[in-house]
Amino acid sequence: MKKLGLIGFPLGHSFSKKYYLEKFQKENIQHIDYDLYPIERISDFPSIFTNKDFYGVNVTIPYKIEVMDYLNELSDEAKAIQAVNCIRIMHSAEGTPYLKGYNTDAYGFEESLKPLLEVHDKKALVLGNGGAAKAVIYVLDKLGIQHTLVSRTKQTDNFTYDEINASILAEYSVIINCSPVGTFPNIAESPALPYEHITAKHLFYDLIYNPEETTFLKKGKEKGARIKNGYEMLLLQAEKNWEIWNS
């Protein structure tokens, strides 16, 4: 039986496993399994990909960067972003594995964002500077949308949350939450922004999908902003993974 799976640590509830197993059942896809592989050290990864039955894995926290040391090749977007969430595993006739890394988060984000954009959406604030922000920034560059990071500590060319004011929010109409603030179970939390200055011209995009409507999105919605959570992004990247693994 062919094998697919997700590596990371720790691994609790997995969107990916549920999604693919339901897909296999609905589409009558047989002789393929998808499972979770929590590995405490990235050095344990070879024990998975040297198995000839494996032909693809997803990668989640904390290994999206570290896993690149084990890859033979990176796709263009993975090379630019310097983070990988999808790996295609090919085996030679002799059984030697060849691994190519992709970043399908970028594809999912781009395709879910584009229909929401309006003519005035020229600048974006990216909340958080972790790994998720890398794919977002790659897409914003690709779409020609200027962007500035917002984080708790001051660094070169970024804003701190304390610096965000009415004039900045009037200039930046797109606000993307790449931080974990507001994730279940801490659903009452939201990024520290002056929401009183949000208008109907703003677009709030939250990479979080649990809860479906975060406090961040609710506060934007109350001011008339367009809102979007990260669920469609997940669906799109999942289908892109499947396309890559079976191309």
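The values are calculated or read from the model by the stated rules, or taken from the named source; none is laboratory data. All values derive from a computational prediction rather than experimental measurement. All Cβ positions, glycine included, derive from the backbone under ideal geometry; neighbour counts span all protein chains shown.
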Go through (1) more than 17 Å from the chain's Cα centre (by Cα); (2) on the phi < 0 side of the Ramachandran plot and name the single condition His31 misses. (2)
Yes/no for Gly12 being closer than 17 Å to Gln237 by Cα and either surrounded by 11 or more Cβ atoms within 10 Å (Cβ to Cβ) or of a type outside the set (A, V, I, L, M) (or both): no
Does segment 13-34 hold any residues that are within 22 Å of Gly108 (Cα to Cα) and touching a Leu at 6+ places or on another chain (Cβ under 9 Å), and which are they? Ser14, Phe15, Ser16, Lys17, Tyr19, Tyr20, Tyr34
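Can you find, within segment 54-90, the residue that is nearest to Gly8 (Cα to Cα) among those that are of a type in the set (Phe, Trp, Tyr) and not in a loop (DSSP other than H, G, I, E, B)?
Tyr70
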Taking into account only those residues within segment 196-224 that are buried (at least 20 other Cβ atoms within 10 Å of the Cβ) and farther than 30 Å from Tyr34 by Cβ, which is nearest to the chain's Cα centre (by Cα)? Phe204
Test result for Ala93, part of a loop (DSSP other than H, G, I, E, B), assigned by TED's automatic domain parsing to the domain that holds Lys17 and of a type outside the set (S, T, N, Q): yes
Residue among Phe24, Phe54 that is touching a residue at least 40 places away in the same chain (Cβ under 8 Å) and either loosely packed, with under 15 Cβ neighbours inside 10 Å or touching a strand residue (DSSP E or B) at 6+ places or on another chain (Cβ under 8 Å) (or both): Phe54
Going by the conditions given, is Asn246 under 26 Å from Leu6 (Cβ atoms) and out of contact with any strand residue (DSSP E or B) (no Cβ under 6 Å at 6 or more places or on another chain)? yes
Pick from segment 143-167, criterion at pLDDT 95 or above and part of a loop (DSSP other than H, G, I, E, B), ranking: farthest from the chain's Cα centre (by Cα): Asn165
